Amino acid sequence: MAKYSLEMKFEVVQFVLGQNHSQKEATRPFGITKGHIQMWVAAYSHHGLEGLAVKNGTYTGDFKVSVVNICTKSVIRMPNGSRG
């Protein structure tokens, strides 16, 4: 089972995008790191709800490339501390 459900990810993304809260503001009420929120917002912005879904714990090659491209353009920090 995934650590975070699709519903939880979508709720966080809607809090940030739909209610105009910053990603940092979302960390406290949801108890999630800013890095996770950044990845979810980027995935949702590029792929919609499907971008938040993990199927069998893997992502397609196209999805991985698109996330790397988004992270590189946005200089988003990945959860392990490396830069995207």
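The values are calculated or read from the model by the stated rules, or taken from the named source; none is laboratory data. Everything quoted here is computed from the prediction, not taken from an experiment. In this analysis, Cβ positions are derived from the backbone assuming ideal geometry, glycine residues included, and neighbour counts consider all displayed protein chains.
For segment 43-68, give me each residue that is of a type in the set (Gly, Ala, Ser), part of a helix (DSSP H, G or I) and touching a Leu at 6+ places or on another chain (Cβ under 9 Å).
Those that are of a type in the set (Gly, Ala, Ser), part of a helix (DSSP H, G or I) and touching a Leu at 6+ places or on another chain (Cβ under 9 Å): 43, 45.
With exposed (fewer than 11 other Cβ atoms within 10 Å of the Cβ) and at pLDDT 80 or above as the only criterion, which of 48, 81, 57 stands out?
Result of the check over 48, 81, 57: 48.
What number of residues in segment 35-56 are touching a residue at least 40 places away in the same chain (Cβ under 8 Å) and of a type outside the set (Val, Ile, Thr)?
Result for segment 35-56: 6.
With respect to residue 35, is the statement that it is touching a strand residue (DSSP E or B) at 6+ places or on another chain (Cβ under 7 Å), at pLDDT 85 or above and either crowded, with 16+ Cβ neighbours inside 10 Å or at negative phi (or both) true?
Yes.
For segment 7-19, check the following and say yes or no: at least one residue is more than 12 Å from the chain's Cα centre (by Cα), at positive phi and free of Cβ contacts under 8 Å to residues at least 12 places away in the same chain.
No, segment 7-19 contains no residue that is more than 12 Å from the chain's Cα centre (by Cα), at positive phi and free of Cβ contacts under 8 Å to residues at least 12 places away in the same chain.
Could you please find all residues in segment 19-42 being over 17 Å from residue 68 (Cβ atoms) and either assigned to a helix (DSSP H, G or I) or in contact with a Phe, Trp or Tyr (Cβ under 9 Å, 6 or more places away or on another chain) (or both)?
21, 23, 24, 25, 26, 27, 28, 29, 30, 32, 34, 37
With the structure loaded, tell me whether residue 7 is surrounded by 10 or more Cβ atoms within 10 Å (Cβ to Cβ) and of a type in the set (D, E, K, R) or whether it fails that test.
no
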